[in-house]
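Down below is the structure, laid out as structure tokens.
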Amino acid sequence: MATTTTADFLQLAYVIRLTRTCQLVPSALLVYDYVISIDREVEYIWNRPRTTTTILYLIVRYFGTVYGL
């Protein structure tokens, strides 16, 4: 029967921390992208009449993001 050592626990803690960091960074970048581009999005997309292009943009921008989560 194998025993679990302190080094094994430390390695596991490191892997868990690395995994969580790799999950957090893309989410933070996504939020950052939304924050810095919301003013242009309101100007060019939301304040214009709905066309095929704006609908495709909204689908890719929001539904694609939700689907990716």
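The values are calculated or read from the model by the stated rules, or taken from the named source; none is laboratory data. Quantities reported herein were computed from a predicted structural model and do not represent experimental measurements. Using ideal geometry, Cβ is built from the backbone for each residue, glycine included, and neighbour counts are taken over all protein chains shown. With ligands, DNA and RNA removed, areas are computed over all heavy atoms of the protein, side chains included. Shrake-Rupley method; radii C 1.70, N 1.55, O 1.52, S 1.80 Å.
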Response to the item:
Taking the stretch 1-26 and keeping residues among the hydrophobic types (A, V, I, L, M, F, W, C) and exposed (fewer than 10 other Cβ atoms within 10 Å of the Cβ) leaves 1, 2, 7, 22
Worksheet item: Which members of the stretch 27-52 meet the condition of being touching a helix residue (DSSP H, G or I) at 6+ places or on another chain (Cβ under 9 Å) and either among the polar types (S, T, N, Q) or open to solvent by less than 100 Å² (accessible area, probe 1.4 Å) (or both)?
Response: 30, 34, 41, 45
Worksheet item: From the residues in the stretch 53-64 that are among the hydroxyl-bearing types (Ser, Thr, Tyr) and either touching a helix residue (DSSP H, G or I) at 6+ places or on another chain (Cβ under 9 Å) or modelled with pLDDT of 90 or more (or both), which one is least open to solvent (accessible area, probe 1.4 Å)?
Response: 54
Worksheet item: Within the stretch 22-62, can you find the residues that are polar (S, T, N, Q) and assigned to a helix (DSSP H, G or I)?
Response: 23, 27, 37, 52, 53, 54
